[in-house]
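Chemist: Before we start, here is the structure in question, set down as structure tokens.
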Amino acid sequence: MSDFVEKLRAIVGDKGLITDEQGKHPYVTDWRESFVGNALAVVRPANTREVADVVRLCAAEKVSVVPQGGNTGLVGGGIPQEKGREIVLSLNRMTRITDIDPIGYTMTVEAGVILKTIQETAAAHDRLFPLSLAAEGSCSIGGNLSTNAGGVQVLHYGNARQLVLGLEVVTPQGEIWNGLRALKKDNTGYDLRDLYLGAEGTLGIITRAVLKLWPKPKDVATAWVAVPSPEAAVALLSGAHAASEDNVTSCELMGRQGIDLVLQHIPGATDPLSGRHDWYVLFEWSSTRARREGANAGGLREKMEAYLGEAMEQGLVLDATIAQNETQARALWALRENHTEASKKEGPSVKHDISVAVSKIPAFVTEGLAAMRKALPECRPVTFGHVGDGNLHFNCQAPAGWDKARFLPHAHAVNAAVYDLVVSYGGSISAEHGIGLLKVDELAHYRSKVEIDTMRTIKRALDPQNLMNPGKIVRV
Amino acid sequence: MKVLVAVKRVIDYNVKIRVKADNTGVETANVKMSMNPFDEIAVEEAIRMKEKGAATEVIAFSAGPAQCQETIRTALAMGADRGVLVQTDAELQPLAVAKLLKAVVDKEQPGLVIVGKQAIDDDSNQTGQMLAALLGWSVGTFANKLNVADGSVEVKREVDGGLENIKIKMPAVITTDLRLNEPRYASLPNIMKAKKKPIETLAPDALGVDVAPRLKTLKVEEPPKRKAGIKVKTVAELVEKLRNEAGVI
């Protein structure tokens, strides 16, 4: 085995190789500390050629490869298993932005570029890269694409899949497929790009991508709205599309329990409204049209005020605030973005990243909360998420004072109660987090035989040795 | 007692400032504008005084172009009662603003004027002090805490190395520091009510104030870019550099 490590060293050098336990630890442990694996080594190639050389070596030596980006995933997709016959291939040294084309609205990046860097680079060129999620300061674009990440602006711009034009991928055989085509139209046979997007590194490693850019919004209005129920939230969103002239870019629903956790655990967090309410919506409208000045001064904020004012008279809104400056807008967003962090500080929880049709959300929430409480009466449901996409993080915080050991034996019953209901609503058991290690059994259980068999056929055809991120998504 | 607060329309705190290519000023086209954060604190303090019964009316003052109405509207949405806008497209320097404020103070006769200690665009930190001098009033700058009682106001001031407690006679001018309070969010019902609150628009001429700038801006430049650091190999090398290059030890 030391021979193998030396061969790796010959490819990536000392800078690209981590073999000591302490150094490997952050790469074999996930952010929530739910998964701890073992790896022969952590390999950090400097470019696509080195990635290909490492993969080819692994294919020859029959060592499995676990690709990893910023290691912010929630389902263990980038974590090696415990057996230890795997390497972690981290893309975190591949951080170059190789091209930006503001005229053609594209940017070409290496897989290890941090999402926030991409957003800021686009902004510096008066453009927008709309992918935005809580982990954006740490997650990298390769992982975002490999998991078809969602986030808070899917409603308007789509998932990661919709934000990319071309890919460069290293295949399980260590060959390089250059599909870095910045084409809007390209009907040339099977769509390989779409196959790799969302494949969680089981079919190959995304090493570079051509991303799509949008014009940068010039007018943004952000509101924090207390609503009486999820029904009201859905009705409010439904009317907002027209009232905003199709400029709703985010609509996030939050239950009071999650807000309480954020206020308790996140320093500096304050409640924007004076009263306590059961449900809240964070609304963002944005337009590329600048605010008008002069006699008819105004823009989205005035439209939003008028719309929410009417909704308040109809009882769809109980109270609200509209950010008067960017500092307030960021503070409102922080209340939403810090849910996951606050939940982690509170203690153990199980997460259900589910989606159903938007119009079915209210009924699902009612039935789902009842089902969760039936499975574990003491549980503390924490519901939040992207209501505009029909995607909720329908989570269950452990009862106060319970540790992992006491809580986890109940997790299966809670999961089954939620997922059975999701499936009966025609929904998905993983809307944006992926399958990874966490949901392999659930996927096999809830999806049809033909669907799972087709996935296995694809996996076997592209990776006959089963060396690319084995055990994730489907077992072969 | 009436309280007058001054609110300035400035480039939003979170916007990355860009200097115009011709070095005459900073880029303001299509840039988000908001209320000066220190003025928000002034508005919040005045509203709290009214809520506690120490003030009867809060008047929000601004000076500048027509868009300053929006800034006053924000103060009204937070809870101020009415607004006064001195509308002009002229460049306004602290002395001109202090004279305009004095003219409005003469008219309105407030017991207290609360202003931000400085605006985050020009960082002058002059208007409050100049106004107090023009009025011949007491002034409490960099307020961290205020307590109004029996015709005087106790001001806890943020000074170098600590806090200073002073008691000054009213009427007085107060300038706010960052820790005086945490401004509230404007609630939707208050935003709607604010639309109906009156804003009086005046011209500098009508107040008999000549706002012509007394200072001339020669040039506006970006601050020098920070140079990249270097890695040193040993502690000895670090010490050597600190001693001989940086000259700090």
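The values are calculated or read from the model by the stated rules, or taken from the named source; none is laboratory data. Just so you know, these numbers come straight off a predicted model, no measurement behind them. Quick reminder, even Gly has a Cβ in these numbers, built from the backbone with ideal geometry, and neighbours come from all protein chains shown. Accessible surface is based on the protein model in full, side chains and every heavy atom, while ligands, DNA and RNA are left aside. Shrake-Rupley method; radii C 1.70, N 1.55, O 1.52, S 1.80 Å.
Chemist: Would you compute, for the Cα atoms of the stretch A:2-90, the largest minus smallest coordinate along each principal axis and list the three values in descending order, in whole Å?
Modeler: 34, 24, 22
Chemist: On to the next question. In chain B, what percent of the accessible surface is made up of carbon and sulfur (1.4 Å probe, ligands and nucleic acids excluded)? Could the numbers behind the result be given before it?
Modeler: Working: 6880 of 13320 Å².
Using a 1.4 Å probe with all protein chains present, chain B comes out at 52 percent carbon and sulfur.
Chemist: Can you list the chymotrypsin sites (Phe, Trp or Tyr not before Pro) in the stretch A:358-412 that are in a DSSP coil and have 12 or fewer other beta carbons within 10 angstrom?
Modeler: Working: sites: A:PHE364, A:PHE384, A:PHE394, A:TRP402, A:PHE407; in loops: A:TRP402.
The qualifying sites: there are none.
Chemist: Using a 1.4 Å probe on the protein heavy atoms only, what accessible surface does B:LEU202 show? Give it in Å² to the nearest 10.
Modeler: Answer for B:LEU202: close to 30 Å² accessible.
Chemist: Roughly how big is the B-A contact, given as buried accessible area in Å² (both sides, 1.4 Å probe, nearest 100)?
Modeler: Details: alone 14410 and 20310 Å², together 32640 Å².
Chains B and A together bury approximately 2100 Å².
Chemist: Not counting ligands, DNA or RNA, and with a 1.4 Å probe, what is B:LYS197's accessible surface area in Å² rounded to the nearest 10?
Modeler: 50
Chemist: To the nearest 20 debye, what charge dipole does the protein assembly as shown have about its Cα centre, counting +1 at the Cβ of each Lys and Arg and -1 at the Cβ of each Asp and Glu?
Modeler: Numbers: 87 positive and 88 negative charges, 123 e Å.
It works out to roughly 600 debye.
Chemist: Under a Cβ-Cβ cut-off of 15 Å, what is the net charge of the residues other than B:GLY53 that fall near it, where Lys and Arg count +1 and Asp and Glu count -1? Intermediate values should be presented prior to the final figure.
Modeler: Values: positive: B:LYS2, B:ARG48, B:LYS50, B:LYS52; negative: B:GLU45, B:GLU51, B:GLU57, B:ASP81, B:ASP150.
So the surrounding residues net to -1.
Chemist: Still on this structure, I have one more. Taking B:LYS227 as the anchor, which lysines have their alpha carbon closer than 18 Å to its alpha carbon, excluding any fewer than eight residues away along the same chain?
Modeler: The reachable lysines, counting only those whose Cα sits under 18 Å from B:LYS227, are B:LYS241.
Chemist: Next question. Kindly write out, for the stretch A:162-170 in residue order, the coupling ³J(HN,Hα) from the Karplus curve 6.51 cos²θ - 1.76 cosθ + 1.60 (θ = phi - 60°), rounded to whole Hz, with x marking Gly and Pro.
Modeler: Each residue's phi maps through the Karplus curve to give 7, 10, 10, 9, x, 9, 10, 9, 9 Hz.
Chemist: Please report the antiparallel percentage of DSSP beta bridges with both residues in chain B, rounded to the nearest 5.
Modeler: Close to 40 percent.
Chemist: Mind checking A:311-324 for the average number of partner chain beta-carbons within 10 Å of each residue's beta-carbon?
Modeler: Values: counts 1, 3, 1, 0, 0, 0, 1, 1, 3, 6, 8, 6, 3, 14.
So the per-residue partner count for this stretch is 3.
Chemist: Tell me, rounded to the nearest percent, the portion of alpha carbon pairs in the stretch A:209-348 spaced more than 17 Å apart.
Modeler: On the way: 5978 of 9730 pairs.
Beyond 17 Å sits 61 percent of the P(r) for the stretch A:209-348.
Chemist: I'd like the orientation of helix A:115-124 relative to chain A: the angle between its Cα long axis and the longest Cα principal axis, in ° from 0 to 90, rounded to 10.
Modeler: Between helix and principal axis, roughly 60 degrees.
Chemist: Suppose a student asked you for the relative contact order of the stretch A:219-337, using Cα pairs under 8 Å spaced at least 6 residues apart; what percent would you report? Don't skip to the end; give the middle numbers.
Modeler: Details: 183 pairs, mean separation 53.1, N = 119.
Answer for the stretch A:219-337 is 45 percent.
Chemist: On to the next question. Aspartates and glutamates within cross-link reach of A:LYS360: Cα-Cα under 14 Å, excluding same-chain residues under 8 positions apart?
Modeler: Straight-line reach from A:LYS360, under 14 Å: A:GLU231, A:ASP389.
Chemist: Can you flag which of A:LYS15/A:LYS472; B:LYS2/B:LYS52; A:LYS303/B:LYS20; A:LYS24/A:LYS83; B:LYS32/B:LYS99; A:LYS404/A:LYS439 are past 21 Å Cα-Cα? Before the final figure, lay out the partial values.
Modeler: Numbers: A:LYS15/A:LYS472 28 Å; B:LYS2/B:LYS52 13 Å; A:LYS303/B:LYS20 32 Å; A:LYS24/A:LYS83 15 Å; B:LYS32/B:LYS99 28 Å; A:LYS404/A:LYS439 19 Å.
From A:LYS15/A:LYS472; B:LYS2/B:LYS52; A:LYS303/B:LYS20; A:LYS24/A:LYS83; B:LYS32/B:LYS99; A:LYS404/A:LYS439, over 21 Å: A:LYS15/A:LYS472; A:LYS303/B:LYS20; B:LYS32/B:LYS99.
Chemist: Sticking with this structure for a sec: Is the stretch B:144-228 best put as rounded, prolate or oblate by its Cα gyration tensor, with a ≥ b ≥ c the root eigenvalues, rounded for a/c under 1.5, and otherwise prolate when a/b is larger than b/c, oblate when not? Can you show the working numbers first?
Modeler: Working: a/c = 1.37, a/b = 1.07, b/c = 1.28.
Since a/c stays below 1.5, the shape of the stretch B:144-228 is classed as rounded.
Chemist: Okay, next question. Where does each of A:TRP177, A:TRP31, A:TRP279 land when they are ordered by accessible area, with a 1.4 Å probe and the largest first? Could you put the intermediate results ahead of the total?
Modeler: Details: A:TRP177 55, A:TRP31 85, A:TRP279 35 Å².
Largest to smallest exposure gives the sequence A:TRP31, A:TRP177, A:TRP279.
Chemist: Ok, one more. Summing Lys, Arg as +1 and Asp, Glu as -1, what charge do residues with Cβ under 13 Å from the Cβ of A:ASP14 carry, A:ASP14 excluded? Walk me through the numbers before you get to the answer.
Modeler: Values: positive: A:ARG9, A:LYS15, A:ARG44, A:ARG93; negative: A:GLU6, A:ASP20.
It works out to a net charge of +2.
Chemist: Follow-up question, since we're still on this one. Counting only other chains, and only Cβ atoms inside 10 Å, what mean value do you get across the residues of B:29-36?
Modeler: Details: counts 1, 6, 2, 8, 3, 6, 2, 1.
Mean shielding by partner chains, rounded to a whole number: 4.
Chemist: Compare A:ASP194, A:ASP246 by solvent-accessible area with a 1.4 Å probe and give them largest first, with all protein chains kept in place.
Modeler: On the way: A:ASP194 55, A:ASP246 95 Å².
Per-residue accessible area, sorted high to low, gives A:ASP246, A:ASP194.
Chemist: So how far, in whole Å, is the C-alpha centre of the stretch A:24-67 from the one of the stretch A:212-259?
Modeler: Cα centres, the stretch A:24-67 to the stretch A:212-259: 40 Å.
Chemist: Are there trypsin sites (Lys or Arg not before Pro) in the stretch B:42-144 that DSSP marks as loop and that have at most 14 other Cβ atoms within 10 Å, and which are they? Don't jump to the answer; show the numbers that get you there.
Modeler: Numbers: sites: B:ARG48, B:LYS50, B:LYS52, B:ARG73, B:ARG82, B:LYS99, B:LYS102, B:LYS107, B:LYS117; in loops: B:LYS52, B:LYS117.
Loop-located and lightly packed - B:LYS52.
Chemist: Let me ask another. What number comes out for the charge environment of A:THR188, summing +1 per Lys or Arg and -1 per Asp or Glu over other residues with Cβ under 15 Å away?
Modeler: Working: positive: A:ARG181, A:LYS184, A:LYS185, A:ARG193; negative: A:ASP186, A:ASP191, A:ASP194.
That sum, taken over residues with Cβ under 15 Å, equals +1.
Chemist: Whenever you get a sec, line up A:ASP278, A:ASP186 from highest to lowest accessible area (probe 1.4 Å, protein heavy atoms). Don't skip to the end; give the middle numbers.
Modeler: Values: A:ASP278 105, A:ASP186 65 Å².
Correct descending sequence by accessible area is A:ASP278, A:ASP186.
Chemist: Taking amide hydrogens as modeled 1.01 Å from N in the peptide plane, which residues meet the under 5 Å criterion relative to A:LEU165, leaving out close sequence neighbours?
Modeler: Residues meeting the amide H criterion: A:VAL210, A:LEU211, A:LYS212.
Chemist: Oh, and also: Below 8 Å, C-alpha to C-alpha, sequence gap of six or more: please give me the relative contact order for chain A in percent. Mind showing how you got there, number by number?
Modeler: Numbers: 987 pairs, mean separation 71.4, N = 476.
Result for chain A is 15 percent.
Chemist: If packing is taken as the mean number of other Cβ atoms within 10 Å per residue, what is the order of A:311-324, B:18-31, B:151-164, highest first? Could the numbers behind the result be given before it?
Modeler: On the way: A:311-324: 19.6, B:18-31: 11.6, B:151-164: 13.9.
Descending packing order for the listed peptides: A:311-324, B:151-164, B:18-31.
Chemist: Can I ask one more? What whole-number distance in Å separates the alpha-carbon centres of the stretch A:326-350 and the stretch A:132-188?
Modeler: When both Cα centres are located, 26 Å separates them.
Chemist: Set Lys and Arg Cβ to +1 and Asp and Glu Cβ to -1, take the dipole of chain A about its Cα centre, and tell me which of A:ALA398, A:TRP214, A:LEU167 lies farthest positive.
Modeler: It is A:LEU167, whose Cα lies furthest towards the positive end.
Chemist: If you find the alpha carbon centre of the stretch B:148-169 and of the stretch A:409-441, how far apart are they in angstrom?
Modeler: Between the Cα centres of the stretch B:148-169 and the stretch A:409-441 lies a distance of 60 Å.
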